[in-house]
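Nothing in this text is a laboratory measurement; each read-out follows from the coordinates by a stated rule. All of these numbers come straight from a predicted model, not from anything done at the bench. Positions of Cβ are backbone-derived with ideal geometry, glycine not excepted, and every protein chain shown enters the neighbour counts.
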Amino acid sequence: MPSFPPHLKRFSSSTTLAGQLALHLEGHLRRWLTQGAGDKGPRPLGLATGRTMEPVYAALVSRLRLWNEADLKRLRSLWCSFNLDEYVGLLPDHQGSYRHYMRERLGDPLQLPVEALQLPDGSAHDTAAAARSYAAALQRRGGVGLQLLGLGSNGHVGFNEPPSDRDRSCHAVTLSPSTRLQNAVMFGGDPAAVPERAITLGLAEILAAEEIHLVVTGPAKAAILARLLRLEGPDPSLPASWLLDHPNVCLWGDAASLA
Ligand code: GLP
């Protein structure tokens, strides 16, 4: 009997999954509006990129576009999200950058203020300083409220490549050949065109989130997901397994990934 995760949501298809997750996200954002901002505002959303999230953001945009203009205006004024990671060495408007991804899929369709969607500064010369300042900015906002995570085919979350420490904070990382291969599709199919380095939130920031939603879809993730579900405790060689240490994790899987 697998000990992970405490909450498993299984769907027949990635489309159904995306619709239900968008519904959950919409409910979370509704509470931003009704609960009031407090001193620091609501705790930020922690956002992920990658192909897994594309249908989720599309479904969320469709739902939020049904809100009345006053609520949307208020949502725009409250919006605060911190992405997990960004490539090093790409200009922000590079098609493969995660900043570009977020603007195209969420920022522009919802007319969110550009500065409300935060990502690590991958164009910074001093990547260690950029990582420190990103972690500090997130800390000033109280840490992540709701965290979305995808799963790398080598078990990474964000760009926390195996082996990963639980206590590691935001840092610059050298990407593994398998990760560059996995993400080559965003770079014309050429793994060599994928940047060699990235800045990522660490497991320390991820595990400090109030609630975590790990989203895994498609047959290509079935093997790594099966390995994750067989574990009974965290294993640094599978970074996502540190989620076993978190009290409020939900795994969203489709039939193909959970096969
Ligand atoms: C990428 C990103 C993650 C993403 C994960 C899964 O490398 N760093 O943020 O969630 O790996 O990617 P995909 O959804 O494309 O499979």
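See the values below:
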quantity	calculated
Subset tally (residues that are outside any loop (DSSP other than H, G, I, E, B) and touching a residue at least 60 places away in the same chain (Cβ under 8 Å)) for region 138-150	6
Extreme residue, nearest to L138 (Cα to Cα), among residues of region 200-259 that are charged (D, E, K, R) and outside any helix (DSSP H, G or I)	E210
Given (1) surrounded by 17 or more Cβ atoms within 10 Å (Cβ to Cβ); (2) more than 10 Å from the ligand (Cβ to nearest atom); (3) touching a residue at least 40 places away in the same chain (Cβ under 8 Å); (4) among the basic types (K, R), index of the condition R168 fails	(3)
Output for region 181-203, where each listed residue is more than 9 Å from the ligand (Cβ to nearest atom) and either touching a Pro at 6+ places or on another chain (Cβ under 9 Å) or of a type in the set (D, E, K, R) (or both)	L181, A184, F187, D190, P191, E196, R197, I199, L201, L203
Among (1) near the ligand (Cβ under 8 Å from one of its atoms); (2) outside any helix (DSSP H, G or I); (3) closer than 21 Å to A128 by Cβ - the single one S153 does not satisfy	(3)
Among residues of region 40-71, those that are crowded, with 17+ Cβ neighbours inside 10 Å, away from the ligand (no atom under 16 Å from the Cβ) and part of a helix (DSSP H, G or I), counted	1
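Okay, residues lined up against (1) in a helix (DSSP H, G or I); (2) touching a residue at least 60 places away in the same chain (Cβ under 8 Å):
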site	(1), (2)
S77	yes, no
L91	no, no
Q95	no, yes
P109	yes, no
L112	no, no
A129	yes, no
